[in-house]
Amino acid sequence: MLSLYKKETENPSGITLFSVPAQWKLSTTAVAVGLALQSHGGLCRLTPHRACESPRAFSIQSPDSSRLQLCPEIVESTASSCPSDTIALSFFLWCARQPNYFHDSCSFDRMIPVVLRLTDRFGSVREIVREQQAVGCSVKAQTFMVLIRVYWRGNFYGRALEAFDEMIKQNYVPNTYARNMVLDILFKVHHFDVALKFFRDTRVPTNEIAPSEQ
């Protein structure tokens, strides 16, 4: 019903910003966070919570043991300094998962060209998500929420619907925010009958997720 889009590999630079034991596989997100700390907090150290490559498996601290305080300016400068779009998106997703941090509208707008370049390179939302998984980024419902919102704000409505469809295929339940974006798109592209049917057929999930959660 929502497949109104047309179906139309980046290798991140192998840089290492800090020394870690060989048994730790450094994710692209950790590289970007290290870059942020080098730029805004001096040198940093990584403390593994467990032996895995998930970005959330690392406690990233500056020398004075205070955590990096995220703000839109740091996120923007770090994302723009990343050696690849894959790393930039991975870092953006990681930031969205941090407690009490929420990307503002301008941050999403600045990610539009990044996501569009990845779309041109990989050809589909599914392949973008697979690449994120391949470089160690944990893919969750929030991953699709971010992609939907970036495409939506960039007026790339077909891709936003594609991301929404892919979210459902991955067995995630879209929250009200995601459904509202879809309704907005369907009305804007004048698919009124589809929009009304989508609205009638939608069941409100019992456990809602906020745009920057999960």
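Please indicate, with yes or no, whether at least one residue in the range 189-200 is buried (at least 20 other Cβ atoms within 10 Å of the Cβ) and either at pLDDT below 95 or out of contact with any Ser or Thr (no Cβ under 8 Å at 6 or more places or on another chain) (or both). Scanning the range 189-200, I find no residue that is buried (at least 20 other Cβ atoms within 10 Å of the Cβ) and either at pLDDT below 95 or out of contact with any Ser or Thr (no Cβ under 8 Å at 6 or more places or on another chain) (or both), so the answer is no. Against the condition part of a helix (DSSP H, G or I) and touching a helix residue (DSSP H, G or I) at 6+ places or on another chain (Cβ under 6 Å), how does Val115 come out, does it pass? Here the answer is yes, as Val115 does meet what is asked.
Would you mind finding the one in Arg117, Arg159 that is outside the structural domain of Ala88 (by TED's automatic domain parsing), basic (Lys, Arg), surrounded by 14 or more Cβ atoms within 10 Å (Cβ to Cβ) and modelled with pLDDT of 95 or more? On inspection, the qualifying residue turns out to be Arg159. Only one entry of Asp109, Asp104 meets the criterion of being modelled with pLDDT of 95 or more, outside the structural domain of Thr202 (by TED's automatic domain parsing) and under 16 Å from the mean Cα position of the chain (by Cα), and that entry is Asp109. Here Gln133 clears all of (1) in a loop (DSSP other than H, G, I, E, B); (2) more than 10 Å from the chain's Cα centre (by Cα); (3) polar (S, T, N, Q) except the condition numbered (1).
The values are calculated or read from the model by the stated rules, or taken from the named source; none is laboratory data. As the structure is a prediction and not an experimental result, all values here were calculated from the model. Every residue, glycine among them, receives a Cβ derived from its backbone with ideal geometry; neighbour counts consider all protein chains shown.
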